[in-house]
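Working notes, structure below.
The values are calculated or read from the model by the stated rules, or taken from the named source; none is laboratory data. No experiment lies behind these values; they were computed from the predicted model shown. FYI the Cβ positions are ideal-geometry reconstructions off the backbone, even for glycines, and counts take in every protein chain you see.
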Amino acid sequence: MSESFHWYRGRIAPSPTGLLHLGHARTFWIAYVRARDAAGTLVLRNEDLDPQRSKADFADAMLEDLHWLGIHWQEGPDVGGTFGPYSQSERRDHYLSLWHQLLARGFIYPCTCSRRELSGIALAPHDDAPSRKTMRFEGDEGPMYPGTCRPKSAPSNLADQYTSPAGVNWRFRVPDGEAVTFNDRHFGPQRFTAGEDFGDFPIWRRDDVPAYQLAVVADDHAMQITEVVRGADLLLSTARQILIYRTLGWPEPQWFHTPLVLDERGERLAKRHDALAIRTLREQGWTPQQVLGIDK
Ligand code: GLU
């Protein structure tokens, strides 16, 4: 076996929609160390999927902050590699191909519910909408899709009607009652039930932007990622993504979710916590070790 052949392929996948903060730094550091300790390859994927929210300035800042932290990657938008391009905005053909496969197999359906209608259901229930009492929620991600546009059975002829995803939202039809289990390498055994813990989830947006769940599965598969390291806020998304892997008969990567960093009020750090942006801390004189909370 050649020495350059690595069994471990990990990735860090920041979205350039804001400045990276302390929480990102710690998760990405763990991903880096796991790849390094496995003598593996780390991929940096620029998740600039959403053209409205992604900014080139944030992408530049993100690379710079990661370098400053001492995180190195072997493949990425700045260094190239065999599995490129490494920016999601340049990978549309991969996502379209996955959309076609899911459509041909009857796993997705068009959804015309507007965001407004859906949040209306949650906020102001009226007679023909599910009441707040019977409404189900997906963890802290908001209300579960009530199934308004879900066809009674898996549609078989949609592939004849739709040659492109644009114009409507597309959702993945989850197999109600099916258990999704996985052994998280940090948190241990996990179990979610489709249709109870999460409902039919978005695959493609009406404004012709692929959804996160579809893009991330397409990319992790195409880039031959063997272990996904990311924050525990994405555990429920992992369950959704496993359903896509199962549907296609694709091998699943291993999963390692990292504990979330909470602020002083016990709330999850978000990009709006500018005070904890790596940049800000750096300007205040913090060292990479202090930001990472580790002895390197
Ligand atoms: N781009 C996502 C984010 O910044 C992370 C996706 C992932 O690691 O799967 O939240």
Worksheet entry | Residues being surrounded by fewer than 17 Cβ atoms within 10 Å (Cβ to Cβ) and within 14 Å of the chain's Cα centre (by Cα) - total across segment 246-278 | 0
Discussion item. Just to be sure I understand, how many residues within segment 66-106 are surrounded by fewer than 17 Cβ atoms within 10 Å (Cβ to Cβ) and of a type in the set (Lys, Arg)?
Written reply: 2
Discussion item. For the list (1) touching a residue at least 60 places away in the same chain (Cβ under 8 Å); (2) within 29 Å of Leu292 (Cα to Cα); (3) not in a strand (DSSP E or B), I need the number of the one condition that Thr247 fails.
Written reply: (2)
Item to complete: Can you tell me which residue within segment 130-187, out of those that are assigned to a strand (DSSP E or B) and among the aromatic types (Phe, Trp, Tyr), is modelled with the lowest pLDDT?
Response: Phe137
Worksheet item: Do we find a residue being part of a loop (DSSP other than H, G, I, E, B), within 10 Å of the ligand (Cβ to nearest atom) and not basic (Lys, Arg) anywhere in segment 23-46?
Response: no
Discussion item. Could you tell me how many of the residues in segment 1-18 are closer than 20 Å to Arg282 by Cβ and either of a type in the set (Gly, Ala, Ser) or modelled with pLDDT under 95 (or both)?
Written reply: 1
Worksheet entry | Yes/no for Ile225 being in contact with a strand residue (DSSP E or B) (Cβ under 8 Å, 6 or more places away or on another chain) and in a loop (DSSP other than H, G, I, E, B) | yes
Worksheet, complete the sentence: Of the residues in segment 173-206, those that are more than 22 Å from Leu158 (Cβ to Cβ) and touching an Asp or Glu at 6+ places or on another chain (Cβ under 6 Å) come to Gln190, Phe198
Practice prompt. Output the residues belonging to segment 47-72 that are more than 15 Å from the ligand (Cβ to nearest atom) and under 15 Å from Ile12 (Cβ atoms).
Written response: Glu64, His67, Trp68, Leu69, Gly70, His72
Response to the item:
Those residues of segment 216-240 that are within 25 Å of Ala166 (Cβ to Cβ), within 9 Å of the ligand (Cβ to nearest atom) and of a type in the set (A, V, I, L, M) come to a total of 1
Worksheet item: Is there any pair with a first residue in segment 44-72 that is of a type in the set (Phe, Trp, Tyr) and a second that is modelled with pLDDT of 95 or more whose Cβ atoms are under 6 Å apart and which are 6 or more apart or on different chains, and what are they?
Response: Phe58/Pro16
